[in-house]
Each structure stands twice: as C-alpha cells, then as structure tokens.
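Throughout, read-outs are computed from the coordinates displayed, never taken from laboratory work. These figures come from a predicted structure and were not determined experimentally. Cβ placement follows ideal geometry from the backbone for every residue including glycine, while neighbour counts extend to all protein chains displayed.
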Amino acid sequence: MDAARRTQVAAVGSALLGEMEEAVFDSWKDMLPAASQWRPEEVARAKAASSAALRGLLTAFEQGDLDDQSWTRLRDVVFGHGRLSQEEAADILRSVRVVGVEVLAERLTHYIGMAHEERWQLQREASAFCMTLLGAREELDPSRFDQLLSDLMRSGPDLA
C-alpha cells in the first residue's frame, strides 16, 4: 500500500474513531466477561486505553511506525499508568484488534473500496502493533543471526 493510500486509510479511520470505540466498548460484554464487574474508574481506564490504542494504530499505519517517545506514552496509557496487568492490557488490545480493526476494515471497504490484500495488510499490521505495545518485540537472537549469515554465505550469490 502506498503512502497516499495509507493517508487515506488513516483519514477515514480518524473520522470513524467514535464508531470504532463504541464497537470495542460494546464488545467487552462478550469478549471480556469480567468487564461487567469493573468499577467506574476501571471502565474509564479501559476506555482510555482502547481509544489511545486505536488512535495510535491509525497514526502508526499512516506513518509506518511511532517514535520511541510516542510508544512510551501510548504504553503508559494502555497499561493504565501502571494500574493494568499485562493480561488485562492484552485483553483490551485484543478487543481493539479484533473488533475495532474489523469495523474499520468493513467501513474502509464500503467507503474507499479497500481491496482484500489491503484489508489483510491492515489486520496484520494491527496485530504487530498490539504485540509491540505489549512489549513483545520480536528480536533475532544473535546466534540465530550468525547462523543465517553463514547459511547465506554457503549458498553463494543469487546472481550469476
């Protein structure tokens, strides 16, 4: 997807942010049964986390990534300024990824003719975004990297 299309997706997504948020909040009764027992301040934290994650996702999709300070600020909100556990944040982000992104993809298909491949890319990037927010960056083990380089050197050049 080119930069102009990413900008278009982010702009339409920003216009649909309220609808995406409501869908995520409504999904909690099915996806997060414990949410029915949350106190008002817990609901407010979960809503703030979901909203921030959706906004951050749209920004990251448009820009390709977030800077380190933005990731830190967003993580702080998603984890309720230290009040949410890893599991609670993961549950909230799962509802964002499954429900919020699905609403976005459906509306984008309707409004701007989002292709199946673009929809798949959006969902894949949303999943990676949520994993990164949870601190699950996938980094290559140095020994595995050395093994890959060794294998490449043994296989020889690709071009004759």
Calculated P(r) tail over 21 Å for segment 3-155, as whole % of Cα pairs = 48 percent
Ranked list, fewest to most other Cβ atoms within 10 Å of each Cβ, for M20, M31 = M31, M20
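Going by C-beta contacts inside 10 Å, put K29, K47 in order with the fewest on the left. Can you show the working numbers first?
Values: K29 10, K47 15.
In increasing order of surrounding Cβ atoms, one gets K29, K47.
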Once you list every other residue whose beta carbon is under 10 Å from the beta carbon of L84, what net charge do they have if Lys and Arg are +1 and Asp and Glu are -1?
-> -2
Give the shape of segment 39-114 as rounded, prolate or oblate, defined through the alpha-carbon gyration tensor: a ≥ b ≥ c are the square roots of its eigenvalues, a/c under 1.5 means rounded, and otherwise the shape is prolate if a/b is larger than b/c and oblate if not.
-> oblate
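Explain nothing, just the number: relative contact order of segment 3-155, from Cα pairs under 8 Å at least 6 residues apart, as a whole percent.
On the way: 108 pairs, mean separation 43.3, N = 153.
Relative contact order comes out at 28 percent.
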Least to most buried among W120, W71, W28, by other C-beta atoms within 10 Å and fewest first, runs W120, W71, W28
